[in-house]
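FYI, it's all coordinate maths here, none of it is from the lab. The model shown is predicted, which means the values in this text are computed figures rather than measured ones. Note that each Cβ is placed from the backbone with ideal geometry, even for glycine, and that neighbours are counted across all protein chains shown.
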Amino acid sequence: MPEQIHWPDVSVYVAGHNGLVGSAIVRALEEAGVGRIIGWRSSELDLRDRDAAMTAITEAKPDIVIDAAARVGGIMANSTYPVEFLKDNVLIQTNVMDAAHACDVDRLLFLGSSCIYPRHATQPIRESSLMTGPLEPTNQAYAMAKISGIYYIEAHREEYGRHWISAMPTNLYGPKDNFDLETSHVLPAFIRRFHEAKVSGAPTVTVWGTGAPRREFLHVDDLAQAALTLLQTYDSPETINVGWGDDLPIKELAETVADVVGFEGDIAWDTSKPDGMPRKLLDTTRINALGWKPSITLRDGLASTYAWYVENAA
Ligand code: GDP
């Protein structure tokens, strides 16, 4: 392990600092008393633009980099725009890491997603399942980009001796999520659909697929604590899972969100829409052994995220 990070003494560049994940990491860093946070909104710096990214990041010369920048989206966005999901993510992560290398950043955390694992991986999914079988087709483009990011981290460790690490969180949610129904993930989509139906008095809400797939949900504030823990305690080329530890069928998620929102009508299932991966529950034995455990229950996290939505996005 390299030396302990004393947060007040360091500057941290959080790529994607204004997004769902990045903004949670900024909150956690501020709570830890970080010396300085560096970040640009995508309107200020397009991380796909190599020259702009290299110049801005090397001039800022951070001590530590956390890469939470990505083009993200739910099952429909991901499967409809594979070109953009592959290209943008490879460009963003390559530019961020190349800039970090150019200004000699020795500590970097790259964040990916549980969709990197094979569609038929043994559940709960252990880190060693990576690259052992074909991917889930509906998010293959995003997964391919993130897998190449994991390998790019490993390559920098091997070739340049960097203390860079990668972590793969499960499905995340919380304030600042994307509530656009075409491109969002399931949890924010449910919050919006049930809220709008409650407000308009609609008798039925139609959602996608069969409701049978199982998913695991982690609040971003738990993930942010995991990110800080990993930077302090983890130094290995192998990627590490960050999850809640339990999952539920999408049908049960729908009923829970309807209950939290206060929608009392019916739920219909549009089975012409894809189900995606049947299950993707992460095995979190390794991160739990480092002393990190999540604390925000789905029920509490849903209630606070719904309150945020009503206040800021509805
Ligand atoms: P995934 O975890 O990569 O499959 O991405 P999503 O979060 O987009 O979808 C998870 C599951 O929720 C899939 O089985 C979807 O078919 C289902 N689902 C049901 N209704 C919706 C919806 O309104 N939006 C989204 N994004 N997914 C939905």
| request: For the chain, find the longest principal axis of its Cα atoms and tell me its angle to the long axis of helix 20-31, 0 to 90°, nearest 10. | output: 60
| query | Using Cα atoms only, what is the angle between the long axis of helix 82-102 and the major principal axis of the chain, expressed in degrees (0 to 90) to the nearest 10? | reply | 30
| task | Quick one: order 128, 236 by neighbouring beta-carbon count within 10 Å, fewest to most. | result | 128, 236
| task | Could you point to the residue in 72, 109, 95 farthest towards the positive end of the stretch 60-165's charge dipole, with +1 and -1 charges on the Cβ of Lys/Arg and Asp/Glu respectively? | result | 72
| request: Have a look at 198, 146, 176 and tell me which one the Gaussian network model of the chain (Cα, springs below 10 Å) gives the largest fluctuation. | output: 198
| request: Among DSSP beta bridges whose residues both lie in the chain, state the antiparallel percentage, nearest 5. | output: 5
| said: With an 8 Å Cα cut-off and a minimum separation of 6 or more residues, compute the relative contact order for the chain in percent. | reply: 20
| Can you give the % of DSSP beta bridges in the stretch 196-307 that are antiparallel, to the nearest 5? | 25
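Counting each DSSP H run of 4 or more residues in the chain as -39500 (n - 2.57), what helix-only mean residue ellipticity at 222 nm follows after dividing by all residues, to the nearest 500 deg cm²/dmol?
About -13500 deg cm²/dmol.
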| Principal-axis tilt of helix 140-160 within the chain, Cα atoms, nearest 10 degrees | 20
